[in-house]
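J.: Following this message is one structure expressed as structure tokens.
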Amino acid sequence: MENGASSYRRFLEGDEDAFGEIIDRYRDGLIFFINRFVHNVSVAEELSEDVFLELLIHKHRYNFKNSLKTYLYAIGRHKALDYIRKLSRRNEVPLDESVYAAQAYDFEGSFLTGERNRQLHEAIDRLHGDYRTVLHLLYFEDMSAEQAGRVMKKNRKQIENLAYRAKNALRNALEKEGFCYEDQG
């Protein structure tokens, strides 16, 4: 499975179309991931542009040891957390929940359909930050525990423990809301 590295190598060799391929491949997922932190799709789009700009400006920082996706998501996480820190220093008022819900629905409508998915999504959004992040990386982005660990700056065991606790917290939250599980038998 190609992890974006071949496109990046072509870009480094002067193929300008290869950078466009990287953006096309990772942009939407990166925006979705960053939006989990900032709760504002417009800001998430701007921060994802900053991620790609950083990749463009600092071409040789990516060392091909990890997947390009892991590298981009680590930068995205850093930029999102930095944005939140700056926002809290300026004491700006966060978006109204109803505005966020409308924006999230518009952006994530293609990802989440139906009442069950809406309940699941809302329950995930109410989880602790690290729980949301680990579930997103492992299940929405299909990253391995090692890749998620690189993004979150944790080791594989910490990610596995965090994922276990996050799934339990999500299960408990869904059960409290009366979420019905389909019979798998």
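The values are calculated or read from the model by the stated rules, or taken from the named source; none is laboratory data. Predicted, not measured: the structure shown is a model, and the values here were computed from it. Every residue, glycine as well, gets a Cβ built from its backbone with ideal geometry; the counts of neighbours run over all protein chains shown.
J.: Mind checking whether some residue in the stretch 55-70 is crowded, with 19+ Cβ neighbours inside 10 Å, more than 20 Å from V134 (Cα to Cα), not assigned by TED's automatic domain parsing to the domain that holds M152 and not aromatic (F, W, Y)?
T.: Within the stretch 55-70 (the criterion being crowded, with 19+ Cβ neighbours inside 10 Å, more than 20 Å from V134 (Cα to Cα), not assigned by TED's automatic domain parsing to the domain that holds M152 and not aromatic (F, W, Y)), the answer is yes, since at least one residue qualifies.
J.: Does the stretch 71-83 hold any residues that are aliphatic (A, V, I, L, M) and either exposed (fewer than 15 other Cβ atoms within 10 Å of the Cβ) or under 23 Å from S6 (Cα atoms) (or both), and which are they?
T.: L72, A74, I75, L81
J.: Let me ask something else about it. Mind checking which residues of the stretch 52-84 are over 18 Å from V151 (Cα atoms) and either in a helix (DSSP H, G or I) or of a type in the set (G, A, S) (or both)?
T.: L53, L56, I57
J.: Could you run through the stretch 12-31 and say how many residues are touching a residue at least 24 places away in the same chain (Cβ under 8 Å) and farther than 30 Å from I124 by Cβ?
T.: The number of residues fulfilling the criteria is 2.
J.: Mind checking which pairs have a first residue in the stretch 162-179 that is assigned by TED's automatic domain parsing to the domain that holds H136 and a second that is in a helix (DSSP H, G or I) and among the β-branched types (V, I, T), Cβ under 7 Å, 6 or more apart or different chains?
T.: L162/V134; A163/V134; A166/V134; L170/I124
J.: Would you be able to tell me the number of residues in the stretch 30-50 that are at pLDDT 90 or above and either in the same structural domain as V134 (by TED's automatic domain parsing) or in contact with a His (Cβ under 9 Å, 6 or more places away or on another chain) (or both)?
T.: Count: 2.
J.: Let me ask something else. R27: assigned by TED's automatic domain parsing to the domain that holds A5, farther than 25 Å from A169 by Cα, at pLDDT below 85 and not in a loop (DSSP other than H, G, I, E, B), yes or no?
T.: No, not satisfied.
J.: Okay, next question. How do the pairs read when you match residues in the stretch 32-51 that are farther than 22 Å from D142 by Cβ and outside any helix (DSSP H, G or I) with residues anywhere that are of a type in the set (S, T, Y) and at pLDDT below 90, using Cβ under 8 Å and keeping only pairs 6 or more apart or on different chains?
T.: From the stretch 32-51, the pairs are H39/Y100; N40/Y100.
J.: With the structure loaded, tell me whether V93 is surrounded by fewer than 16 Cβ atoms within 10 Å (Cβ to Cβ), at pLDDT below 90 and assigned to a helix (DSSP H, G or I) or whether it fails that test.
T.: no
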